[in-house]
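Chemist: Below you'll find the structure I mean.
The values are calculated or read from the model by the stated rules, or taken from the named source; none is laboratory data. Since this is a predicted model, take the numbers as computed values, not measurements. In this analysis, Cβ positions are derived from the backbone assuming ideal geometry, glycine residues included, and neighbour counts consider all displayed protein chains.
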Amino acid sequence: MIKEIPLDLYDAHLELQAEISFSDELKFFSSLREWGSVTSVLDLGCGNGAYLVRLAEAFPNVRFLGIDFRKDAIELAEKMRPRENVDYHWGTMSSITDQFDALISRFCMLYTDNKNEIANWVGEHVRSLILQIDNEDDSLETPPILERVRANWHVTRVNDRDGRYRSACNDTEPLWSRVGFEPIHSDVLVVDNTSAARQIQFRELITLATELGVGRPLPEQLRSDIDQWGLLGGHAQYAMRASWFQRCGVT
Ligand SMILES: C[S@@+](CC[C@H](N)C(=O)[O-])C[C@H]1O[C@@H](n2cnc3c(N)ncnc32)[C@H](O)[C@@H]1O
């Protein structure tokens, strides 16, 4: 699904998603003492590198490798977001033989079908930590005026388990456990539109998220719903859960 999204839309969406919350997401890292001893990180599903390059700037002494199986995304990342402590690699994990202190997977596990293969690779190549960041859809809140718009977002698709919204971190816990990792810390970041700057960013994000679902240009009705919401304001929020897993026996 992700692979078919036009590159310009994909790039704009990931860039804005990183821009909106990256500074707040840093708390996920500062809250974990063990992160302080990490020197090498694999970012699984790094996409266009928008998030990874911010992370690499925040932690200049850590060496990062971003991989993605979307070739045009990796080409874009190499061209637009180069950084001294970052390498990019097109392909899947099976082509990587190095070992890493930590694995980061942000908004990736939901979109991948080969979770078992990933877990097997992680069991053999990740020494210490896994950080998984994914949407926490139970915390998604939008005003009624956006109901038609919201119906087109991937994030509102109810998982087939008991009609609950998806929570990728819970779903993958047994996978990480099977290859020797246990959950050690979990945190939720709620991102809302309370500030004026966020109001503008949310409007853009809502537009992009809808375009991801229905394509460009947006149908008139949806465009007008978003315009009206922009005029009326109203609370909106989404959230992401970050879960840390540590290799059993590592202290
Ligand atoms: C929603 S994007 C997230 C990008 C980035 N992590 C971020 O937070 O902005 C998910 C990315 O994961 C990639 N992906 C999904 N499964 C993958 C896999 N098994 N191996 C490599 N890349 C994968 C997709 O191609 C896509 O670029």
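Chemist: Any residue at all in the range 81-91 that is under 27 Å from LEU9 (Cβ atoms), out of contact with any helix residue (DSSP H, G or I) (no Cβ under 8 Å at 6 or more places or on another chain) and within 16 Å of the ligand (Cβ to nearest atom)?
Modeler: yes
Chemist: Please give the number of the condition ILE67 fails out of (1) out of contact with any Gly (no Cβ under 7 Å at 6 or more places or on another chain); (2) of a type in the set (Val, Ile, Thr); (3) within 9 Å of the ligand (Cβ to nearest atom).
Modeler: That leaves (1) as the condition not met.
Chemist: Restricting to the range 93-124, name every residue that is within 7 Å of the ligand (Cβ to nearest atom) and under 21 Å from MET240 (Cβ atoms). If you could, list the steps in order and put the result at the bottom.
Modeler: Initially, the range 93-124 is screened for residues within 7 Å of the ligand (Cβ to nearest atom), giving 93, 106-108, 111-112, 114, 118.
Result: ARG106, PHE107, CYS108, TYR111, THR112, ILE118.
Chemist: What about PHE181, is it modelled with pLDDT of 95 or more, closer than 25 Å to ASP101 by Cβ and out of contact with any Pro (no Cβ under 9 Å at 6 or more places or on another chain)? First the steps, then the outcome.
Modeler: Details: modelled with pLDDT of 95 or more: yes; closer than 25 Å to ASP101 by Cβ: yes; out of contact with any Pro (no Cβ under 9 Å at 6 or more places or on another chain): yes.
Yes.
Chemist: Here is a follow-up. Please go through the range 80-107 and pick out each residue that is in a loop (DSSP other than H, G, I, E, B), exposed (fewer than 15 other Cβ atoms within 10 Å of the Cβ) and not small (Gly, Ala, Ser).
Modeler: Of everything in the range 80-107, those that are in a loop (DSSP other than H, G, I, E, B), exposed (fewer than 15 other Cβ atoms within 10 Å of the Cβ) and not small (Gly, Ala, Ser) turn out to be PRO82, GLU84, THR97, ASP98, GLN99.
Chemist: Could you pull out the residue among ARG81, ARG127, ARG148 that is basic (Lys, Arg) and farther than 24 Å from SER40 by Cβ? Lay out the reasoning, then the answer.
Modeler: Details: ARG81 fails: farther than 24 Å from SER40 by Cβ; ARG127 fails: farther than 24 Å from SER40 by Cβ.
Exactly one residue qualifies, and that residue is ARG148.
Chemist: Looking at this structure, is SER128 among the polar types (S, T, N, Q), more than 11 Å from the ligand (Cβ to nearest atom) and in contact (Cβ under 8 Å) with a residue 24 or more places away in the chain? Walk me through how you get there before you give the answer.
Modeler: Details: among the polar types (S, T, N, Q): yes; more than 11 Å from the ligand (Cβ to nearest atom): yes; in contact (Cβ under 8 Å) with a residue 24 or more places away in the chain: yes.
The answer is yes for SER128.
Chemist: Let me ask you something else. Among the residues of the range 12-64, write down those that are among the acidic types (Asp, Glu) and within 10 Å of the ligand (Cβ to nearest atom).
Modeler: Filtering the range 12-64 down to residues among the acidic types (Asp, Glu) leaves 15, 19, 24-25, 34, 43, 57.
Once the filter is applied, which keeps residues that are among the acidic types (Asp, Glu) and within 10 Å of the ligand (Cβ to nearest atom), the range 12-64 yields GLU15, GLU25, ASP43.
Chemist: Looking at ASN135, ASN116, can you tell me which residue is closer than 30 Å to GLY233 by Cβ, in contact (Cβ under 8 Å) with a residue 24 or more places away in the chain and either aliphatic (A, V, I, L, M) or in contact with a Leu (Cβ under 8 Å, 6 or more places away or on another chain) (or both)? It would help to see each step written out before you state the result.
Modeler: On the way: ASN116 fails: closer than 30 Å to GLY233 by Cβ.
The conditions single out ASN135.
Chemist: A follow-up question, please. Can you pull out every residue in the range 200-225 that is farther than 19 Å from ASP8 by Cβ, within 24 Å of the chain's Cα centre (by Cα) and surrounded by 13 or more Cβ atoms within 10 Å (Cβ to Cβ)?
Modeler: Passing the criteria: only PHE202.
Chemist: Here's another thing I want to ask about it. Is there a residue being in a helix (DSSP H, G or I), within 17 Å of the chain's Cα centre (by Cα) and surrounded by fewer than 16 Cβ atoms within 10 Å (Cβ to Cβ) anywhere in the range 118-135? Before the answer, list the steps.
Modeler: Residues of the range 118-135 that are in a helix (DSSP H, G or I), as a first pass: 118-125.
Filter once more, so that each one left must be within 17 Å of the chain's Cα centre (by Cα): 118.
The next check asks that each one be surrounded by fewer than 16 Cβ atoms within 10 Å (Cβ to Cβ); those that pass are none.
No, the range 118-135 contains no residue that is in a helix (DSSP H, G or I), within 17 Å of the chain's Cα centre (by Cα) and surrounded by fewer than 16 Cβ atoms within 10 Å (Cβ to Cβ).
Chemist: Another question about this same structure. Conditions: (1) in contact with a helix residue (DSSP H, G or I) (Cβ under 8 Å, 6 or more places away or on another chain); (2) assigned to a helix (DSSP H, G or I); (3) not aliphatic (A, V, I, L, M). LYS27 meets all but one. Number of the miss?
Modeler: Checking LYS27 against (1) in contact with a helix residue (DSSP H, G or I) (Cβ under 8 Å, 6 or more places away or on another chain); (2) assigned to a helix (DSSP H, G or I); (3) not aliphatic (A, V, I, L, M), the one that fails is (1).
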